[in-house]
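Read the structure below first, then the notes.
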Amino acid sequence: MNDDATSTTWAALRALPLSEVRRRAAVITEVTEIGPMTVDGAERFAWNDSGGQSAVWYFTADGRALLLTFDHESPLNLYAEDDYALQRSMYDGVPEDLLRLVLDRPENYESLNLTDPRSGGTIHYAGGVFWFDAERWHIADGTRTHCAREQLDLFVESGFDYCLSEYLLDTPDFTAEALVKYRAGDGYYEDEEDSTDHLVTLTEIFARHA
């Protein structure tokens, strides 16, 4: 698999300026009612569907980023296999300072830990590992290699397309109205009044991240 692998979501992510990706990540973190965090100076934003799927973003001060996606029903769920060595290898190719953002950290809902049976060290689980070098996005070498070896569709099995759906990466104008329209089409609201009320809440959130 190469970095030009077919995924409209991947192509859309790579086309957006990182500042816009960060804005969307910050908005969805608040929409999802997840508190942002700072990890070694990097901003951490996240999304989860309360069902085991998640997306986690880290944005560094020097304009780089790390993105982790996870689908708990996928063969890329290495937490279920308790396979630390394989999970660690999925991060191969990620710069060391970005890798440190997920090593020996407290776990949370979006990022549980696998433990090295030899050293006792930990690493956050991830089905898909992606990083931005200040100019372009990359699929981590280890993630690409494992998926190619096991003949897995990375973008499907990592939950990439699903976990990033609410960021509307292929929509030029990421607005409260656009997100309500997407959620309405996905059956999120019980009725029109529900969507109207939610639009008011979302408008306030988007205003805070203008």
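The values are calculated or read from the model by the stated rules, or taken from the named source; none is laboratory data. These figures come from a predicted structure and were not determined experimentally. Here Cβ is always computed from backbone atoms with ideal geometry, including for glycine, and neighbour counts include all displayed protein chains. Just the protein is used for accessible areas: all its heavy atoms, side chains included, with ligands, DNA and RNA removed. Shrake-Rupley method; radii C 1.70, N 1.55, O 1.52, S 1.80 Å.
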Region 32-91, residues that are open to solvent by 20 Å² or more (accessible area, probe 1.4 Å), aliphatic (A, V, I, L, M) and within 15 Å of Glu166 (Cα to Cα): Ile34
Members of region 189-207 found to be out of contact with any Ser or Thr (no Cβ under 8 Å at 6 or more places or on another chain) and within 28 Å of Pro17 (Cβ to Cβ), listed by number: His198, Leu199, Thr201, Leu202, Thr203, Glu204, Ile205, Ala207
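Is there a residue in region 67-75 that is in a helix (DSSP H, G or I) and within 18 Å of the chain's Cα centre (by Cα)? Let's see the steps before the verdict.
Going residue by residue through region 67-75, those that are in a helix (DSSP H, G or I) are none.
No, region 67-75 contains no residue that is in a helix (DSSP H, G or I) and within 18 Å of the chain's Cα centre (by Cα).
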First in region 182-202 and within 24 Å of Pro172 (Cα to Cα), second anywhere and open to solvent by 50 Å² or more (accessible area, probe 1.4 Å) and at pLDDT 85 or above, Cβ under 6 Å, 6 or more apart: Ser195/Ala184
Odd one out for Ala134, checked against (1) at positive phi; (2) open to solvent by less than 10 Å² (accessible area, probe 1.4 Å): (2)
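I need the full set of residues from region 160-181 which are part of a helix (DSSP H, G or I), within 18 Å of Arg23 (Cα to Cα) and not hydrophobic (A, V, I, L, M, F, W, C), in order please. So that I can check it myself, show each step before the final result.
First, pick out the residues of region 160-181 that are part of a helix (DSSP H, G or I): 160-163, 165-167, 176-181.
So of that shortlist, the ones also within 18 Å of Arg23 (Cα to Cα) come out as 163, 165-167, 176-180.
Across region 160-181, the qualifying residues are Ser165, Glu166, Tyr167, Glu177.
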Residues satisfying the stated conditions in region 20-31, i.e. open to solvent by 20 Å² or more (accessible area, probe 1.4 Å) and either in a loop (DSSP other than H, G, I, E, B) or among the basic types (Lys, Arg) (or both): Arg22, Arg23
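The rows are residues; the columns are (1) under 18 Å from Ala140 (Cβ atoms); (2) in contact (Cβ under 8 Å) with a residue 60 or more places away in the chain; (3) of a type in the set (A, V, I, L, M).
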| residue | (1), (2), (3) |
| --- | --- |
| Ala12 | no, yes, yes |
| Pro17 | no, no, no |
| Ser50 | no, no, no |
| Phe70 | yes, yes, no |
| Ala85 | yes, no, yes |
| Pro95 | yes, no, no |
| Leu103 | yes, no, yes |
| Glu107 | no, no, no |
Unique match (being basic (Lys, Arg) and not in a helix (DSSP H, G or I)) among Arg105, Arg88: Arg105
In region 165-203, the residues that are under 14 Å from Val31 (Cα atoms) and open to solvent by 100 Å² or more (accessible area, probe 1.4 Å): Glu177, Tyr188
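Working only within region 171-181, note down all residues that are of a type in the set (A, V, I, L, M) and touching a residue at least 40 places away in the same chain (Cβ under 8 Å). Before the answer, list the steps.
Taking region 171-181 as the starting set, the residues that turn out to be of a type in the set (A, V, I, L, M) are 176, 178-180.
Result: Leu179, single match.
Looking only at region 128-154, count every residue that is closer than 15 Å to Gly93 by Cα and part of a loop (DSSP other than H, G, I, E, B) and tell me the total.
Here is the first cut: in region 128-154, the ones closer than 15 Å to Gly93 by Cα are 128-133, 136-147.
Restricting the remaining residues to those that are part of a loop (DSSP other than H, G, I, E, B) gives 133, 136, 140.
Qualifying residue count for the region: 3.
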Residues that are of a type in the set (Gly, Ala, Ser) and in a helix (DSSP H, G or I), drawn from region 182-207: Ala184, Gly185, Ser195, Ala207
